[in-house]
Amino acid sequence: MSDELKYLARMAAAGRLNRRAFMGRAGALGVSAGLAGTMLSSAVYAQGAVKGGTIRVGIQGGSSTDSLDPALATNATAAMLNKLWGECLVELNADGGLDLRVAEEYSSSPNAQTWTFRIRDGITFHNGQPLTAEDVLATMERHAGEDSQSGALGLLQGIDSMRAEGRDFIIELGSPNADLPYLMSDYHLTIQPNGGKDDPANPIGSGPYVLKEHEAGVRTVFEKNADFWDADLGNAETIELLVINDDTARVAALQSGQVHMANRVPPRVASLVGRAPNLTVHSEPSAGHYVFIMHANTAPFDNKDLRLALKYAINREEMVEKILFGNGSVGNDTPINAAYPLFEAMEQRTYDPEKAAFHFRESGHEGSILLRTSDNSFPGAPDASQLFQQSAAAAGITLDIRREPNDGYWSEVWNNQPFCTSYWGGRPTQDMMYSTAYLSTADWNDTRFFNEQFDQLLVAARGELNQDTRRQMYADMGTIVSEEGGLICPMFNNYIDATSDEVAGWGPSKGFDLMNYMAPMKMWVVG
Amino acid sequence: MNPALKLIAQRLALGALLLLAVSALIFAGTQILPGDVAQSILGQSATPESLANLREELGLNEPALTRYFDWLGGILVGDLGTALTSGADISEAVGKRLSATLFLASVAAVISIPLAILLGLVAVRYKDRWPDKLISASTLASISLPEFFIGYLLIVFFAVNLGWFPSLARINDGMSFFAKLEAVFLPALTLTLVVLAHMMRMTRAAILNVMQSAYIETAELKGLGSFKIIARHAFPNAIAPIINVVMLNMAYLVVGVVVVEVIFNYPGMGQYLVDHVSKRDVPVVQACGLIFAAIYIGLNLVADVVSILTNPRLRHPK
């Protein structure tokens with residue numbers, strides 16, 4: 001790369017050359033726009049974080065019905081709020097490992113059944129009260145309690161007992177779980193004074209920002225917490241979250257400079273947005289996936305040949321291209337992809353009308369198959385269903401599509417009807433993903449998958465501390481789900497976020513969109 | 001008793017009765033929505049235990065009739081209850097949203113009503129000549145475009161390309177009146193374009209109707225100027241149908257603007273209602289439904305009363 005280009009990037013980063021001019025000069029030197037953009041952002045990054053200023057975020061996924069109780073958080077806005085005013089024991093980092101937050105260290109007994117978290121000294125809540133191991137204990141008790149409505153209740157079910165000893169918070173598990181610390185990074189498990197038992201929806205936490213104004217589903221204003229223990233986290237002085245659920249309104253707000261970043265740019269406009277001179281689109285691989293789910297215990301899907309027929313009858317590449325517009329990768333009928341630690345690739349299943357026709361004949365099924373879908377089951381689900389209908393028709397399989405209303409889809413269709421479209425967000429570990437939806441006893445076993453061998457492997461892998469053995473066990477589980485399961489997973493979707501050139505500091509992340517919802521605090525306003 | 005007063009009293013009583021009937025309908029309607037509030041609150045993250053816990057807490061196990069009378073009793077003393085989902089006081093939240101909606105509606109009404117009537121008068125004055133045709137064609141074109149399309153067009157030109165007005169119509173307590181006015185300019189303009197044609201055409205048709213009358217001919221023969229005839233002689237006699245259509249459009253500006261609210265991300269009643277419908281937050285849906293119904297019935301009452309008062313035959317029956 002030429003020195004001239006590097007010089008130009010430094011100039012642009014220092015604000016002595018505007019972005020448009022830089023891109024133009026870079027283009028003249030024969031550099032692609034994508035590469036030039038990357039160079040510019042790394043040059044800006046090298047300048048270092050700038051403190052102060054206001055960052056405004058346009059976010060999709062928030063409603064005026066939202067409560068501030070972290071236990072009840074179900075959408076992107078609520079999760080981001082939790083992370084701004086509160087903190088968990090640990091936080092997922094960009095390598096798929098864990099960063100220490102409220103916990104300053106953690107360790108387990110050799111059998112991974114007793115876990116000890118040492119609570120960081122000197123952390124205070126926004127009300128000045130010190131954060132103690134007792135608060136952590138109370139928080140976990142509230143989420144794991146019998147009358148809990150917490151979204152993290154399922155995660156905490158393996159816990160036998162918990163206690164606080166001095167600065168230590170100790171968890172005793174009923175059976176070993178090598179991944180327990182990952183569970184503690186769940187955004188519901190934000191540490192509150194006395195666990196929020198007194199006033200669950202009071203946003204007093206120990207996070208880097210203090211909530212100043214809040215109107216649910218509309219707008220929330222935060223100010224930097226001057227007493228925050230970690231000087232590195234949190235750059236802007238003020239963060240303003242605006243809930244903008246309409247895709248076009250969100251993109252327009254970004255284009256007209258009313259917000260500095262936005263999540264969930266629709267795939268079909270991502271490339272157009274990226275062409276705007278002052279915007280950068282970040283299409284980041286994720287563990288989220290768009291799926292067709294069959295109940296493996298309900299006729300006709302209780303027949304393995306029929307399930308295989310449908311798995312061979314779907315054209316995965318076409319879906320990635322036409323539904324995600326290239327912003328994603330093909331799936332392999334398991335919920336796991338390279339975003340997970342301990343991932344082992346297996347042979348890719350591809351569209352094969354002949355094999356599909358063969359298995360369909362073997363299944364002995366006659367007549368058409370009803371597929372239910374809706375707009376909100378994933379973006380483009382009705383279109384994807386039609387693509388599936390066409391590719392299946394080439395194998396002699398007739399799919400009838402029924403378009404269900406968005407309203408009530410999650411209560412009436414998903415997890416009720418035997419064949420429908422749906423989506424899954426990722427989980428930090430393979431164990432969490434499989435335990436959430438593929439274990440026989442899982443509450444959300446939405447493919448009605450009951451496989452003894454799979455269950456045994458899953459439980460055994462939790463207590464296995466040898467990483468290589470564990471990797472192999474997860475690979476075996478993936479094979480079982482892909483062969484036997486009711487999941488047709490054609491694609492993993494990327495997170496598509498966009499930022500304006502008035503902010504910098506975008507970096508890689510794992511977890512959720514907008515840098516695992518931490519972009520507002522990790523990015524900074526360009527001087 | 002003055003017969004006009006009696007008529008008005010009758011209308012008010014009918015309105016109240018209608019509102020009661022609507023309340024029963026709203027309550028029944030919300031009971032037959034598919035889905036379950038507890039499931040909707042917890043979404044995909046619901047587990048059977050957390051569902052059962054939440055249902056118990058929300059009192060969903062009580063019989064419907066008991067809940068209707070509890071609700072009605074509460075409303076009569078001004079208590080709209082609390083939202084099931086967030087536990088917030090509905091009266092307080094609705095108050096904020098309603099004032100935002102009314103603000104936007106008033107700005108749109110202040111622009112559109114005089115404009116529509118003026119354009120209607122001009123169209124009559126130059127009937128079948130180019131000003132009439134231009135006015136009709138342009139207002140009919142704007143009503144024919146879906147409002148989301150008009151909204152997006154205005155955003156592209158005035159917010160993204162020219163940068164004159166914000167694309168997000170954000171208002172909050174800390175803003176001055178003029179800042180608020182600037183914030184809602186684009187949605188108000190969208191609404192104006194949507195309602196203009198209806199009122200303008202009605203004004204034109206009503207006045208043209210009156211223009212056939214003998215007394216207009218008399219006025220013409222007296223040698224009055226044509227605009228004066230329209231404004232002084234025809235318009236007062238055409239007020240009843242015009243006021244009806246104006247009120248209908250004002251009601252639309254209050255209760256029918258959810259699409260515009262979504263496009264401009266305006267924190268009004270429509271968006272608030274839709275959020276709560278999708279979460280099956282029945283008390284809020286009922287409260288919003290009732291408020292909308294009250295506004296609708298109220299504005300129609302005003303139209304009726306004004307029609308009565310402007311009509312000498314109704315004012316002084318034989």
Inset, instruction - Output the number of residues of the stretch A:59-102 satisfying the condition of being aliphatic (A, V, I, L, M) and touching a Cys at 6+ places or on another chain (Cβ under 9 Å). - result: 1
Inset, instruction - Pick out the one residue from A:Q472, A:Q453 that is surrounded by fewer than 19 Cβ atoms within 10 Å (Cβ to Cβ) and in contact (Cβ under 8 Å) with a residue 60 or more places away in the chain. - result: A:Q472
Legend entry - Residue list for the stretch A:104-124, filter: surrounded by fewer than 22 Cβ atoms within 10 Å (Cβ to Cβ), out of contact with any Leu (no Cβ under 6 Å at 6 or more places or on another chain) and over 19 Å from A:G463 (Cα atoms): A:E104, A:E105, A:R118, A:R120, A:D121, A:G122, A:T124
Legend entry - Subset of the stretch A:407-441 [away from chain B (no Cβ under 14 Å), of a type in the set (S, T, N, Q) and buried (at least 19 other Cβ atoms within 10 Å of the Cβ)]: A:T429, A:Q430
Legend entry - Lone unmet requirement of (1) closer than 24 Å to B:A109 by Cβ; (2) in contact with a Lys or Arg (Cβ under 7 Å, 6 or more places away or on another chain); (3) open to solvent by 40 Å² or more (accessible area, probe 1.4 Å) for B:S226: (1)
Inset, instruction - Identify all residues within the stretch A:463-477 that are more than 19 Å from A:S175 (Cβ to Cβ) and over 23 Å from the mean Cα position of the chain (by Cα); write none if there are none. - result: A:Q467, A:D468, A:Q472, A:D476
Inset, instruction - Could you tell me which residue of the stretch B:8-33 is farthest from B:I75 (Cα to Cα), considering only residues that are at pLDDT below 80 and touching a helix residue (DSSP H, G or I) at 6+ places or on another chain (Cβ under 6 Å)? - result: B:Q31
Inset, instruction - Tell me, please, whether a residue that is modelled with pLDDT of 90 or more, at positive phi and open to solvent by less than 40 Å² (accessible area, probe 1.4 Å) can be found in the stretch A:217-234. - result: yes
Inset, instruction - Six or more apart or on different chains, Cβ under 6 Å: which pairs go from a residue in the stretch B:48-68 that's under 14 Å from A:G151 (Cβ atoms) to one that's of a type in the set (S, T, N, Q) and at pLDDT 75 or above? Could you list them? - result: B:S50/A:Q149; B:N53/A:Q149; B:L54/A:Q149
Inset, instruction - Those residues that are within 14 Å of another protein chain (Cβ to nearest Cβ) and open to solvent by 20 Å² or more (accessible area, probe 1.4 Å), I need them from the stretch A:252-265; list them, please. - result: A:Q255, A:S256, A:G257, A:Q258
Legend entry - Among (1) outside any loop (DSSP other than H, G, I, E, B); (2) open to solvent by less than 10 Å² (accessible area, probe 1.4 Å); (3) away from every other protein chain (no Cβ under 14 Å), the one test that A:R268 misses: (2)
Inset, instruction - Considering only the stretch B:148-183, state which residues are within 11 Å of another protein chain (Cβ to nearest Cβ) and under 19 Å from B:V110 (Cβ atoms). - result: B:L154, B:F165, B:A169, B:I171, B:A183
Inset, instruction - Out of the residues in the stretch B:270-299 that are within 8 Å of another protein chain (Cβ to nearest Cβ) and not in a helix (DSSP H, G or I), state the one that is surrounded by the fewest Cβ atoms within 10 Å (Cβ to Cβ). - result: B:K279
Inset, instruction - Looking at (1) modelled with pLDDT of 90 or more; (2) open to solvent by less than 50 Å² (accessible area, probe 1.4 Å); (3) more than 19 Å from the chain's Cα centre (by Cα); (4) within 22 Å of B:L121 (Cβ to Cβ), find the lone condition where B:L134 falls short. - result: (2)
Inset, instruction - Would you confirm whether any residue within the stretch B:246-253 is surrounded by fewer than 20 Cβ atoms within 10 Å (Cβ to Cβ), of a type in the set (A, V, I, L, M, F, W, C) and within 14 Å of another protein chain (Cβ to nearest Cβ)? - result: no
Legend entry - Subset of the stretch A:213-229 (residues that are over 26 Å from the mean Cα position of the chain (by Cα) and touching a residue at least 60 places away in the same chain (Cβ under 8 Å)): A:N225, A:D227, A:W229
Legend entry - Residues of the stretch A:146-161 that turn out to be at pLDDT 90 or above and surrounded by fewer than 17 Cβ atoms within 10 Å (Cβ to Cβ), as a count: 2
Inset, instruction - Show the residue pairs that are 6+ apart or on different chains and have beta-carbon atoms under 8 Å apart, the first residue being within the stretch B:69-91 and modelled with pLDDT of 80 or more, the second being charged (D, E, K, R). - result: B:S91/B:D79
Inset, instruction - From (1) free of Cβ contacts under 8 Å to residues at least 40 places away in the same chain; (2) in a helix (DSSP H, G or I), pick out the condition that doesn't hold for B:L224. - result: (2)
Legend entry - Any chance A:T38 is over 30 Å from B:H276 (Cα atoms) and modelled with pLDDT of 95 or more: no
Inset, instruction - Please go through the stretch A:376-405 and pick out each residue that is in contact with a strand residue (DSSP E or B) (Cβ under 8 Å, 6 or more places away or on another chain), within 14 Å of another protein chain (Cβ to nearest Cβ) and open to solvent by 10 Å² or more (accessible area, probe 1.4 Å). - result: A:E404
Inset, instruction - Identify the residue in the stretch A:235-244 that is in contact with a Ser or Thr (Cβ under 8 Å, 6 or more places away or on another chain) and within 14 Å of chain B (Cβ to nearest Cβ) and, among all such residues, is modelled with the lowest pLDDT. - result: A:V243
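The values are calculated or read from the model by the stated rules, or taken from the named source; none is laboratory data. Here the structure is a predicted model, which means the values were calculated and not measured. With ideal geometry, Cβ positions are generated from the backbone for all residues, glycine too; neighbour counts draw on all protein chains shown. These area figures cover heavy atoms from the full protein model, side chains too; ligands, DNA and RNA do not enter into them. Shrake-Rupley method; radii C 1.70, N 1.55, O 1.52, S 1.80 Å.
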